[in-house]
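Note sheet for the following structure.
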Amino acid sequence: RARRSRGFGVHSPFAFRFITFVLRGSGSVYYATPQIRTLAKDRIRRRRLNLLFRIVCDRAPQTLILPPDLPEAERHVILMADSRLTPITPDEAEHLPATAQRLLLCLPALTPETLTAARRVISSENSTLILLDAVSPLLPALMENLDHVMTFTNGRSAVMVGSRALPSQTFEINF
């Protein structure tokens, strides 16, 4: 685990780049950094908001799915990353066509109500699921029968990337 925290020992080029430049890229300065600093009340919250911003910038979603119970600061930062996107609700995401590409869903926690939408997103090609609270008994049900998801977790939160070009792997790293 300690060796993988900085990307050492990771053999996937995608996973190495994602770990080093997106998840652990805390030295990166973006145009939104001053605004994120004013939204965050403390250092931990600022790190989480910066991480969300970097993920959205890196993954470049075409469709953004945000539940109504997502905290306002997280919602604001995600929309700052790409202001062209109009978010839809998880209920609307269940009815997206099967060809919908590059979905991004950010959930405060995995609940029975959001499980279907999360499964829809993670099974789509080149899509991203962000769980702000990844401690859930529903996580095994979400991952069941999926063979193309890379999961990056720090024990509290998780980022899952679904792509048929990626092997199914789980990385426990510090971010």
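Remarks
- Taking first residues from segment 148-165 that are farther than 15 Å from Glu125 by Cα and charged (D, E, K, R) and partners that are open to solvent by less than 30 Å² (accessible area, probe 1.4 Å) and assigned to a loop (DSSP other than H, G, I, E, B), the Cβ contacts under 8 Å between residues at least 6 apart in sequence or on separate chains come to Arg156/Ala134.
- Test: residue in segment 126-147 that is open to solvent by 10 Å² or more (accessible area, probe 1.4 Å), under 18 Å from Phe14 (Cα atoms) and more than 15 Å from the chain's Cα centre (by Cα): yes
- Hits in segment 22-35 - residues which are modelled with pLDDT under 90 and within 20 Å of the chain's Cα centre (by Cα): Arg24, Gly25, Ser26, Gly27, Ser28, Val29, Tyr30, Ala32, Thr33
- On the stretch given as segment 152-168, residues that are touching a Phe, Trp or Tyr at 6+ places or on another chain (Cβ under 9 Å), within 12 Å of Phe14 (Cβ to Cβ) and open to solvent by 20 Å² or more (accessible area, probe 1.4 Å) total 2.
- Members of segment 36-51 found to be touching a residue at least 60 places away in the same chain (Cβ under 8 Å) and either open to solvent by 70 Å² or more (accessible area, probe 1.4 Å) or in contact with a Cys (Cβ under 7 Å, 6 or more places away or on another chain) (or both), listed by number: Arg48
The values are calculated or read from the model by the stated rules, or taken from the named source; none is laboratory data. Here the structure is a predicted model, which is why all the values come from computation and not from measurement. Every residue, glycine as well, gets a Cβ built from its backbone with ideal geometry; the counts of neighbours run over all protein chains shown. When the accessible area is computed, the model is the full protein with side chains, heavy atoms only, and any ligands, DNA or RNA have been set aside. Shrake-Rupley method; radii C 1.70, N 1.55, O 1.52, S 1.80 Å.
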